[in-house]
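Since the structure comes first, as C-alpha cells, the remarks are kept for the end.
The values are calculated or read from the model by the stated rules, or taken from the named source; none is laboratory data. Worth saying up front: this structure is predicted, and the values here are computed from it rather than measured. Every residue, glycine as well, gets a Cβ built from its backbone with ideal geometry; the counts of neighbours run over all protein chains shown. Surface accessibility is based on the protein's heavy atoms, side chains included, excluding ligands, DNA and RNA. Shrake-Rupley method; radii C 1.70, N 1.55, O 1.52, S 1.80 Å.
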Amino acid sequence: VQGHREVKQVITPHLVFDDTREAIKWYERAFKATDVQLMPLDDDPKGRLIHASFKVYGGTVFAADAFPEWDEGTKTVQQHGKHSPCDLYIQLDKPEDVDEACKVAVDAGGKLAMPVDDQFWGDRYGGVKDPFGFTWSFAATIDAERTKKAADEWKKFRQQMAAGGGGAAGGAAAAAAA
C-alpha cells in the first residue's frame, strides 16, 4: 500500500450551515481557509448566502446557508441528525502535518474524532469534528517500516478481540474499532 495514491481533487464538497459566514470564520481559524467568496441571495430578508466558496489545504469547498423551505437538500447536519454521514478527507504532504492540522483544529474548538496515529493502511491519520457536525480526516503517507509496525499492532489487537481478551489496542485504528 506504500505510496498508494496521488490525490487530485475532482469532487467538490458542498456544505450547508445555519450561518455560513460563522462557519467560514471558524474554518479560517482552524484550517487557514483562503479565497473566500460569498454570494448572498438578493431578496432574502434574512441575508442568507445562496452560495459561498473557500479553499482549505488547496482544495475548494462550496457552502450555503440552509433553505429548509426549499427542499431536503438544503438542510444542515443538525437538521438531519447529530452528524454528517460523510467525512471530508484531506491528504497532506508529510506525516507531521497531520499532527499539526488536528492540533490547530482542536485548539480552534473542534473535537478530536480519531486520535492521530500511524495506521495499518499506510497513513498517519487523525480526525476532528468541527462545531457544525462535519468530521475532517487528515492523512499523510508513512514509510514502509512505520506501516508494518502499525499493521502488526492492528493484527495483534484483532487477535486479542477474537479471543475475547480485549486488552490494550495498538494504534488509533484499533482503538476506534473497539
**Q.** Checklist (1) of a type in the set (A, V, I, L, M, F, W, C); (2) touching a residue at least 12 places away in the same chain (Cβ under 8 Å); (3) outside any strand (DSSP E or B); (4) more than 25 Å from ALA150 (Cα to Cα) applied to VAL98, failing item
**A.** (4)
(Q) Looking at the structure I just gave you, is ALA113 open to solvent by less than 70 Å² (accessible area, probe 1.4 Å), in a helix (DSSP H, G or I) and closer than 22 Å to HIS14 by Cβ? (A) no
(Q) For the stretch 1-19, give me the residue count where each residue is modelled with pLDDT of 90 or more and open to solvent by 90 Å² or more (accessible area, probe 1.4 Å). (A) 2
Q.
Looking at the stretch 20-35 only, could you name the residues that are buried (at least 16 other Cβ atoms within 10 Å of the Cβ) and farther than 22 Å from ASP99 by Cβ?
A. THR20, ARG21, ALA23, ILE24
Q. Tally time: how many residues in the stretch 117-145 are among the β-branched types (Val, Ile, Thr), crowded, with 21+ Cβ neighbours inside 10 Å and within 20 Å of TYR27 (Cα to Cα)?
A. 1
Q | Every residue from the stretch 20-78 that is closer than 29 Å to ASP93 by Cβ and among the basic types (Lys, Arg) | A | LYS25, ARG29, LYS32, LYS55
Q: Check the stretch 37-50 and report whether any residue there is assigned to a helix (DSSP H, G or I) and open to solvent by 60 Å² or more (accessible area, probe 1.4 Å).
A: no
Q: Name, by its number, the condition in (1) at pLDDT below 95; (2) closer than 26 Å to ALA63 by Cβ; (3) open to solvent by 20 Å² or more (accessible area, probe 1.4 Å); (4) not in a strand (DSSP E or B) that does not hold for SER84.
A: (3)
